[in-house]
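Here is the structure we will look at, set down as structure tokens.
Every read-out reported here was derived from the displayed coordinates using simple, explicitly stated rules and does not represent laboratory data. Quick caveat: nothing in here was measured; it's all calculated off a predicted structure. Cβ coordinates were reconstructed from backbone atoms using ideal geometry, including for glycine residues, and neighbour counts include every protein chain displayed.
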Amino acid sequence: MNLKTRKILDRAFAGSGVFSILLMTAALVVILVPMLIRGWGAIYFTATVEHRHLMLERFDRGNPERVADELNSTRETRAPLYRMITEFEKQLETSDSESRKRYTTPLRELKKAIHDLLGPAPGAIRPMLMRDQYGQMRWGRALVKLRNVLYREEWDYSDPTRGGIKALKPRAAEFTGTPVEPLCAYLENNLTDMMLPRRTLYWQFLTDNSYDSHFFGGIWPEILGTFYLAVGAMLFAIPLGLIAAIYLTEYARETRLIGMLRTCISTLAGVPSIVFGLFGLAFFINTLKVSSSKSVLAGSLTLALMILPTLIRASEEAIRAVPHTYKEAALSLGAGRWHTVMSVILPAALPGILTGIVISMGRAAGETAPIIFTAAVSVGKPLALWQVFSQPTPALSWNIYNLATEHEAVDEIRHVQYGMVLVLVSLVLILNLAAIILRARVSKRLKG
Amino acid sequence: MQTSVEIAGGKVQSPSLLLSNRARLRQRIAAVLGNGFLLAVTSFSMLAVLFIFIFIARDALPFFQHNGLREFFTSTHWYPSAGEPEFGALAMFFGSAIVTFGAILVAVPLGIAAAVCLSDVIPFALRQFVKPIIEMLAAIPSVAYGFFALVVFAPLLQQQGGHLLAVAVWIIGLPSAVLVIIVLSDVAGDRLSDRFQSWARWGIIIILGSGALFGLMVIGKSLSALRIASGTNAFNVSIILGIMALPTIVSVSEDALQSVGRELREGSYALGATRAETIVKIVLPAARSGILAAVILGVMRAIGETMVVWMASGNASQIPQPWYNMLDPVRTLTATIAGDMGEADQVTGSSRYHVLFAMAFCLLVFSFVCNLVSERFIRRSRQKAGG
């Protein structure tokens, strides 16, 4: 090969490295950006009057008179809708059975669609389920529901080689020549006046309880549960990890036993997280019976086991990074070994150890698999401190999974899911950022 | 130990600092006790590993005793809740394997390229900005990756999957085709006498170039026309798991590359090798065992991952038709454990409960063996670097 080709190959080689790093950065951006943007949408969004109604009724927030005024004005703009429907219903009662048969189902579907959008009709009996008691809280969802009122989805399965093909049929066409015919146009033109959308900062999303399986309210129980689990795990793991790290760096000689210990630590680091979950179930709950069934305590213990190796390694590294001169100076002043460790080495290694603690805490907060069988439930109240020994808790990580896959109306509560992801991801990233900054300062200090 | 005792004990002249025999004994006992206590706490992780093995095996054994090994490892019939339950887990083993294989296919080339770039190509100042990116990728919780795979990536694949694949093929295929053509034309040109050289070179470039372009266009077209029935499939999961395994692979193999001494690199440069040649022919072979360890750790990360595969693999316990079809949904061991335990938990002690422990035991043994192997590789690479 001549030199030119070799140079080109060399460039291409460097280019492929840069390309893969760029790709990694792009992956990070692509994954983070939708979560951050849509997660922020759970807190800052265009809320309708229904949201303010709910806030007033359930949380005692907002100005009662103003909300009452708004409700009155929306009731007035909504009134013609319901008038059209009642008029048509009356007309149907007196008409022949043929047209009654023809209109009953479409009318019922129309009323259902309107109920989904605006909430219960005035004067109707208050429904049992909370989700049926209010109209759409969020303007974005309201527009989706508006489309459901205006159009009926029809699926065409006539071609078996492909999946069903969706077609939208305008509802107004079903009611030509009836009093309901102008309803759709009226709704479309006046929806803003019926819902009074306004940009709202609902920061209480973070501190409110959830209502009616996360249809309403915030994610406080999940945040608190994650906090308990992570802090609990750290409480168990920090002493064990620190002592192990001190022993391995300062006391242990490289015997076969210590070699085995190190192998065990790295084995522990490699155990799949779901296996930790099963072990927590089989050992902490079924054998030790730390609690009668799932509990925060069992979950914390399981998580503690999982983060132990990370913690040991990080602390070991931090202790090894302390310059030898520190130790030698302390020993030459007559300090014993334990004394040296406690008063010289640990303080010097502390920022590095903190880095490890912070990173493992992020990991404990984000893990899902170990707590599925040991601590997590999908719906629950925020726990008091003394309940952690016996009660299971909802947690951010578990509920992200649960709401995104097992909830009865996954699409209705996308914003809650994104909100949880935002909170969890920013929690973990902030912890990691803190660790990165801490480490940068440490390395500067140890150098200088 | 030695130093402190000597200084505190005998060699100091001032009599007030001398310790009595009893005090010295007390000190020694305290030291031994303290040492023992520290060792006991440290061996806690050994105990934990032991207990994990014991307790998983204890609940896995009844299944093997009751149902034997054959059905579990060779059948694809997974009907745990049927009247006559069948526990054929072959499809799950296959699912775990194909997903891991896909993840490695994504993560290993990218990861090694990135590690090489970090250790040998980009300047130190820039590295300080790249490292946090890798750390953030490693820090994002797996459930967030799973959520992304399910809610963002799966619909995208379902609607635009074909076009995405086509674009990816172009991005990878075009530069590599250009490179291959340049090298081929060069090599072929060298064989001929000077008179025909440039002619031959241009001939090869034009023929191969148009051939490659045509091939890429055909592949791109057929991929664009591809319709993906479901976005939650092995391909989706492989990509996401690949991204998740990247940080591990990058950091471990970067360590391995760094531990190859400067002397080797400088020797190679001195002989006139370019940077690429130095890395490919000298540094990578020298760092081989460390890189193998990185790959194994990446495999472990991918095969043990639960949330992403549970959310986005489709959870269909079947072997795709044909078996290499990554666009079919699959089901993995981890996802089966996570998904079925909810129902099996009610009937603790049934085969349905124990079969999940059997799967966990297989995972455990696999990760244990992988860990031992990777540790051996890492140790070997350290020895090489040290010696």
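Observations on the model:
- Projecting the Cα atoms of A:G352, A:P382, A:A434 onto the charge dipole of segment A:341-444 (Cβ charges, centred on the Cα centre) puts A:G352 farthest toward the positive pole.
- Measure of compaction for the protein assembly as shown (Cα Rg per 2.2 N^0.38 Å): 1.14
- The dipole here belongs to chain A: it is taken about the Cα centre, uses +1 on the Cβ of Lys and Arg and -1 on the Cβ of Asp and Glu, and is about 1880 debye.
- Computed from the C-alpha gyration tensor, the three semi-axes of the ellipsoid equivalent to segment A:220-447 are 37, 20, 14 Å, from longest to shortest.
- Taking segment A:219-327 and dividing mean pair separation by its residue count, relative contact order in percent (alpha carbons under 8 Å, at least six apart): 47 percent
- B:L156 versus B:V32: modelled label distance in nm, points set 7 Å from Cα along the beta carbon direction: 6.5 nm
- Legend: mean number of C-beta atoms from other chains within 10 angstrom of residue C-beta atoms, peptide A:245-256, equals 2.
- Spherically averaged projected area of chain A from its Cα convex hull (nm²): 37.2 nm²
- A Förster distance of 51 Å, applied to the separation of the beta-carbon atoms of B:S81 and A:F227, puts the FRET efficiency at 0.85.
- Ellipticity at 222 nm from helices only: DSSP H runs of n ≥ 4 in chain B, each -39500 (n - 2.57), divided by the residue count, give -25000 deg cm²/dmol.
- Euclidean distance of C-alpha centroids, segment A:318-336 and segment A:372-448, integer Å: 39 Å
- About its Cα centre, the dipole of segment A:220-447 is roughly 900 debye, where the only charges are +1 on Lys and Arg Cβ and -1 on Asp and Glu Cβ.
- Charges were assigned to the Cβ only: +1 to each Lys and Arg, -1 to each Asp and Glu. The resulting dipole of the protein assembly as shown about its Cα centre is roughly 2920 debye.
- Dipole of segment A:54-179, positive end: most advanced residue of A:G177, A:V67, A:I85 [Cβ charges, Cα centre]: A:V67
- For segment A:104-158, applying the loop criterion from DSSP together with a ceiling of 14 other beta carbons within 10 Å to the chymotrypsin sites (Phe, Trp or Tyr not before Pro) yields A:Y157.
- Simple spin-label estimate for B:V373 and A:Y211 gives 5.7 nm between the two label positions (7 Å along the Cα-to-Cβ direction from each Cα).
- Relative contact order of chain B, pairs being alpha-carbon contacts under 8 Å that are 6 or more residues apart, as %: 25 percent
- Taking chain A and dividing mean pair separation by its residue count, relative contact order in percent (alpha carbons under 8 Å, at least six apart): 18 percent
- Listed residue pairs exceeding 26 Å between alpha carbons, taken from A:K90/A:K112; A:K4/B:K384; A:K289/A:K381: A:K4/B:K384
- Taken as Cα centroids, segment B:201-249 and segment B:50-88 sit 39 Å apart, rounded to the nearest whole angstrom.
- Nearby aspartates and glutamates by direct alpha-carbon distance to B:K281 (threshold 19 angstrom, same-chain neighbours under 8 apart not counted): A:D10, B:D120, B:E254, B:D255, B:E263, B:E266
- Over chain A, dividing the summed -39,500 (n - 2.57) contributions of all DSSP H runs of at least 4 residues by the number of residues returns a 222 nm mean residue ellipticity of -21500 deg cm²/dmol.
- Positive-end residue, the protein assembly as shown charge dipole about Cα centroid, Cβ charges, pick of B:G242, B:G267, B:L257: B:G267
- Between segment B:301-317 and segment A:286-310, the alpha-carbon center distance in angstrom: 23 Å
- Proximal charge balance of B:A115 [Cβ under 11 Å; K/R count +1, D/E count -1]: -3
- Sites A:S292 and B:F64 - FRET efficiency at Förster radius 30 Å, r taken between beta-carbons, to 0.05: 0.50
- Sequence-distant residues sharing a close amide H with B:W78 (under 5 Å, placed H): B:G88
- Springs join every pair of Cα atoms under 10 Å in this Gaussian network model of chain A, and among A:D96, A:D132, A:D411 the largest mean-square fluctuation is at A:D96.
- Note on B:K131: lysines with a C-alpha under 22 Å away, same-chain residues under 8 apart excluded, are A:K444, A:K447.
- Between A:F389 and A:S443, the C-beta separation translates, for a Förster distance of 60 Å, into a calculated FRET efficiency of about 0.90.
- Choice from A:K381, A:K101, A:K327 with maximal GNM fluctuation in chain A (Cα, 10 Å cutoff): A:K101
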